Amino acid sequence: MSGALEITHSAPIPEIFYSEKEEKQFTECTICGKNLADGNELYLIEKAFERKSGLDKPQLVFELACCMDCRQEMHDSLSKESNEKIAAYFEANSRVEERDRELKKHDLIDTDVWLNNCIVKNKAMDEVNEYQIYALCWKDEMVFHQMPFMLCGETIDDIMNLLSNKSLDIINDLTADLIDLPPEFRELFKDKKVLFI
Ligand SMILES: [Zn+2]
């Protein structure tokens, strides 16, 4: 995705993409601390959820807002081969262009429509135990450009299996920094991964 994106379709950021920790919209990059609310750049929001027996709602495992510089840095830190494999996976499996046209046709009121099914496996949020949701934002608007979307746990596993050990190490380190759960949950969620799209 290019940084020089022309924003043609957007909507106020829906609450599902708010920071649950802060109980409000993200205002800064989780990684470098750059202000995003007043900034003039796009940023990504990623949130991971998992259902556990005994808990009625999916548990938030981690959440982050990420500026384009940090996203680029992460991208650059992964091996070229890993990045190429991720790109090829989405190209082969997710109908990105077609979905983008559909996104921009829609009246944009019902955000849930765009998150309900995994863009690769097509499984519904209700029928999977793990999922991650992604949005591209600008100030307090969510931008409809390839995102928002949801990936189910199976898709994320597929992608992790494509990565080199070095790339996996980088992702594991970053995820360990982000997971901020009560001690009783930490063990349950220790295999979760941040995925930079
Ligand atoms: Zn940053």
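The values are calculated or read from the model by the stated rules, or taken from the named source; none is laboratory data. A quick note: this is a predicted structure, and the numbers were derived from the prediction, not measured. Reconstructed Cβ throughout: ideal geometry from the backbone, glycine too, with neighbour counts over all protein chains shown.
Surrounded by 13 or more Cβ atoms within 10 Å (Cβ to Cβ), at pLDDT below 90, at positive phi and more than 16 Å from the ligand (Cβ to nearest atom), is that true of L103?
Values: surrounded by 13 or more Cβ atoms within 10 Å (Cβ to Cβ): yes; at pLDDT below 90: yes; at positive phi: no; more than 16 Å from the ligand (Cβ to nearest atom): yes.
Judged against the criteria, L103 is not a match.
Return the residues of the range 156-170 that are β-branched (V, I, T) and without any contact (Cβ under 8 Å) to a residue 40 or more places away in the chain; say none if nothing qualifies. Hit for the range 156-170 is I156, nothing else. Can you work out which of the residues in the range 68-91 that are closer than 16 Å to G33 by Cβ and not basic (K, R) is nearest to the ligand (Cβ to nearest atom)? It comes out as C70. Only a single criterion out of (1) within 12 Å of K139 (Cα to Cα); (2) more than 16 Å from the ligand (Cβ to nearest atom) is not satisfied by P14, namely (1).
Within the range 21-34, the set of residues being within 12 Å of the ligand (Cβ to nearest atom), surrounded by 11 or more Cβ atoms within 10 Å (Cβ to Cβ) and more than 21 Å from F49 (Cβ to Cβ) comprises E28, C29, C32, K34. Candidates in the range 38-50 are the residues that are surrounded by fewer than 17 Cβ atoms within 10 Å (Cβ to Cβ) and either within 13 Å of the ligand (Cβ to nearest atom) or at pLDDT 90 or above (or both); of these, the one that is farthest from the chain's Cα centre (by Cα) is G39. Screening the range 54-67 for residues that are more than 8 Å from the ligand (Cβ to nearest atom) and of a type in the set (A, V, I, L, M, F, W, C) and picking the one that is farthest from E23 (Cα to Cα) gives L55. The single condition among (1) out of contact with any Ser or Thr (no Cβ under 8 Å at 6 or more places or on another chain); (2) surrounded by 15 or more Cβ atoms within 10 Å (Cβ to Cβ); (3) more than 24 Å from F26 (Cα to Cα) that L78 does not meet is (1).
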